[in-house]
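Since the structure comes first, as structure tokens, the remarks are kept for the end.
No value in this document is a laboratory result; all are computed from the given coordinates. Since the structure is predicted, the reported quantities are computational estimates derived from the model, not experimental observations. Every residue, glycine as well, gets a Cβ built from its backbone with ideal geometry; the counts of neighbours run over all protein chains shown.
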Amino acid sequence: MELVLERWQQEVSIVTIGATKEEGGTRSYVVRVGGEKTLPFLFPEGEIPYPPVIAFEVWDIAPSDWSTELNKYYGDVFNDPLAWAEKCVKQYQAKILCIRLQGAHPDFGNKTSDEEAKLISQLLKKVSVPLIILGCGDDSKDNLILPACSQATKGERCLIGDAVQDNYKTLTASVLADGHNIIAESPIDVNIAKQLNILISDMGLPLERIVINPTIGALGYGLEYAYSIMERARLAALSGDKTVASPFICFVGQEAWRTKEAKVSGEQGLIWEVITATALIQAGADLLVMRHPVAIEKMNNYIKTLMGVSL
Amino acid sequence: MEKFKVTFYPDDKTVEIEKGKTILSAAISAGVYINSSCGGDGVCGRCKVILREGQVLTQPTGRISLEERKRGVYLACQTTVQSDLEVEIPAESRLGMEGLTAEELELRLKGLYSEAEEIEPTSSVLAEELFVHSPLASKLYLELPPPTLEDRISDLERLYRQIRHIQDIAIMQTGLVNIRRLGELLRSSNWKVTVTLGKRNGTTEIVLIEPGDTSKKNFGMCFDIGTTTICGQLVDLNSKKVLGTKATYNKQASFGSDVITRIIFAQEADGLEKLHHAVIDSMNQMIQELIQEHNIDLNDVNCILCAGNTTMVHLLLRVDPTYIRRQPYVPTANFVPTIRAAEVGIKINPRGLLSCVPGVSSYVGGDVVAGVLFCGLDKQEDLSILIDIGTNGEIVLGNKEFLISASASAGPAFEGSGVSCGMRASKGAIQKVGISPLDFKVSYNTIGQVRPRGICGSGYIDLIASMLGVGIIDKSGRIKLEKHKRIREGEGGKEFIVAFKEESDVSSDIVITEADIENLKRAKAAIYSAASTLLKHMNLDFSQIKKFFIAGGFGSYLEIKNAITIGLLPDLENFRFIFVGNSSLAGARSILLSYEAMKKANEIAKRITYFELSVEPTYMDEYMGALFFPHTDLSKFPSVSR
């Protein structure tokens, strides 16, 4: 059977996370995402230079609402973010880490920007993988801690987020000054995703330094909706719309593990995380932030298989 | 029930009212106008009054600041009378139209209407030049041969015969009143009379018979009955000359600022009656003023032609508008037969006629039909579009082959309602704005060249375009400028001061808030996306449209370039846009002056199809995409994006 091939006009931009010594940082390698010239894994239509990458999620405080299933793997290091990060890298071969500074939230410990910046500096010494740094979700607090962490990691080309339409200026300015990349979050809405990219690039940050967080839902919790929004955005990107041609980051772990199914059984949680991630890489996800080491391993193997098709 | 006297200043009008009634209802009884966009719900904060003396009870409201409270400011609709009162109505709560000098009025009207006359005859077709002059009411001076034994036909037949000598008129009607007077009238006037012939639903009627030659005195009025503004024009039906134009606020505005709230109000006890009287009073007042200024006898005003949206026409005729807002949105009548003006309480010649421009549907009325007629949209060779930037943003797309309309509920932001310092395009309105990129100094121009009282639609368009240009706001409309004497934090988010109170004619700074920008953004998005959705529905796009007729009560000024910068209008060459001002009034005048135009309007109303946007699934998506300056899809605005 003959395959009808689509000819795309534009590729997704390539975002580089992490900087090696030669590039002015201290990471032992860099992670590149994006660059697709086709829809996911349709190799005959175009090149996919970089496979989707899975980041391990690490918190600055012991999470109170994580499943006991995850306790089995991280319980011993929950109270020590540095040890937690190191375990992910050494034991589970994490290629990239996603540090969520939940402890800065006024309701979760209210850590100061100095404390968080110090933690990030220590983390840079502890591990040499590229870093994703997330705020606590409280706008005014994030506007304090994220600039501090941005400064503390100057030159390391981290990925820092999230910028939202109501609060993007402070973070964009920091990221711009310190040479990082930014996560632009939109509420499952292609228009807002585009608008936020335009607003951020209007401030001088190149579109090639933006990663879109399209906001996702887990299987049965809005996955199809997220899927179709990502697909629409990606189709627009490949068809020539520069303003939406950014790689996607998807917070799969956080969504999969808050489902009722995951709360009922750890086994189900693991499957839920895998299925959600599997679906989303088909929608165009470039970076997936996940939790269960086994789920991550399964995904990495699956991605290898998918990418192998092209070889 | 205990009654108290309430005196309003500066009008110096006193009314007696029952204890416990609101100050607003006292004002209405006294015939004193106080702004009230929300119809007395206490939400709009427009009805601020200052209590000079007396006791009141008031509801707590966020619309009055602490400083205002100390000065004795109250919301008239939330404050009840508890003793004799002396109440002052500050300038910002007053209607801008009353008590103006003739010159001021002249200036105002110039601002409101000059543009319609300034259309290039080459680019637009002035309808009245194309239609045969045959006004709704015409006068014929007749010298009848007196009856003899050889020529013994009746007086009435004699009259008909003489008319037929001059005009070939097939059918005629004559009221019994005229017949009763006829015998005596013909003889006492020595068989020299003037008949007024009225065109009435395809037939011709002898409206009036007068002794002698009065054929030179034949006048008519055309009206644009808008939701917010009523405009009237006195026309010499013989010479086609416009003698005078007036505008007044639709007094129905005190019962709610949009058609839906008014339809709801009409269902209340006496609601329909009140709304009907509000519009009739405004019209009668305008007629009175115009005939006095031009030394014309009321009896020589023989016909009225009204264009208005469907709801306004229903209220004018005192027809219950209830079903307009109930599914499946069917009005009582789109084509209203010509009636006698007196039947609805309009004071002209007691036998004078009143006709309304036919409408298309519940949400596309005779004002749109009149606009189409005036622009000649119905006979364009090339694809053209009429966009009326009003509360109900009506759009008609087409040419001589088809006409399709859509209606976008844009909200009243461009008419200066629902925005903190908004006002209509009347005296004191900032209509033109520029901002210096160096120090953000604002230069502006007001209607009437007086101190500013607020900002009107064209001013807002300029303002937002300039704020974008110099980087005060970002493309989503948020104020990004910080730490500047013109930036401050208000209740509705950040505010930018356009005019400081020292330079204004009101007691506070004239500002634009982030909430205002959001409102205006929604309004422009509704209009742009309605037009683009309609085009998409027809498998067309903006670039295929040769002429854009832009209508609206924007005063004399609308900067097309800035309207494109904010994404209200599509990014196309300037020459394609033709600003026609109040096309509804102009169309009504054409019809008043030509029965041909009336027939054409009937045809247009039947030809226009209506496209319901709310059932079109892509409309919401188009709208969301348009909620950005100029648009989320920057490729649609290449001249605006860097």
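Structure above, values below:
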read-out: Rg/Rh ratio calculated on Cα atoms of chain B (Kirkwood radius); value: 1.01
read-out: Per-residue mean of C-beta atoms belonging to partner chains within 10 Å, peptide A:231-244; value: 1
read-out: Shielding by partners, peptide B:624-634 (average Cβ within 10 angstrom, other chains); value: 4
read-out: C-alpha center-to-center spacing [the stretch B:68-95, the stretch B:1-26] in angstrom; value: 11
read-out: The stretch B:233-256 residues near the modelled B:LEU298 label - backbone nitrogen below 12 Å, point 7 Å along Cα→Cβ; value: none
read-out: Helix-only mean residue ellipticity at 222 nm for chain A, each DSSP H run of n ≥ 4 adding -39500 (n - 2.57), per residue, nearest 500; value: -12500 deg cm²/dmol
read-out: GluC sites (Glu not before Pro) within the stretch B:1-81: DSSP coil, no more than 15 neighbouring Cβ in 10 Å; value: B:GLU2
read-out: Nearest-0.05 FRET efficiency for B:VAL242 and A:LEU5, computed from C-beta distance (R0 56 Å); value: 0.25
read-out: Sorted by Cβ density within 10 Å, fewest first, the residues B:ILE560, B:ILE512; value: B:ILE560, B:ILE512
read-out: Fraction of alpha-carbon pairs over 17 Å apart in the stretch B:305-402 - percent; value: 56
read-out: Convex hull projection area averaged over all views, the protein assembly as shown, Cα basis, nm²; value: 48.9
read-out: Ordering of B:72-84, B:189-201 by packing [mean C-beta count within 10 Å, highest first]; value: B:72-84, B:189-201
read-out: Sites matching GluC sites (Glu not before Pro) across the stretch B:589-629 that sit in DSSP coil, with at most 15 neighbouring C-beta atoms within 10 Å; value: B:GLU612
read-out: Paramagnetic label zone (point 7 Å from Cα along Cα-to-C-beta, B:VAL615; backbone N under 17 Å) in the stretch B:524-545; value: B:534, B:537-538
read-out: Within the stretch B:448-528, chymotrypsin sites (Phe, Trp or Tyr not before Pro) in DSSP loop having at most 16 other beta-carbon neighbours inside 10 Å; value: B:PHE500
read-out: Within 10 Å of each Cβ in B:473-486, the average number of Cβ atoms from other chains; value: 2
read-out: Over chain B: helical MRE at 222 nm, DSSP H runs n ≥ 4 each giving -39500 (n - 2.57), nearest 500; value: -8500 deg cm²/dmol
read-out: Out-of-range pairs (alpha-carbon distance over 21 Å; input B:LYS427/B:LYS561; B:LYS139/B:LYS192; B:LYS199/B:LYS347; A:LYS169/B:LYS441; B:LYS432/B:LYS501); value: B:LYS427/B:LYS561; A:LYS169/B:LYS441
read-out: Hydrodynamic radius by Kirkwood, which averages 1/r over all alpha carbon pairs of the stretch A:161-268, in angstrom; value: 14.5
read-out: Chain B: relative contact order in percent, alpha carbon pairs under 8 Å with at least 6 residues between; value: 13
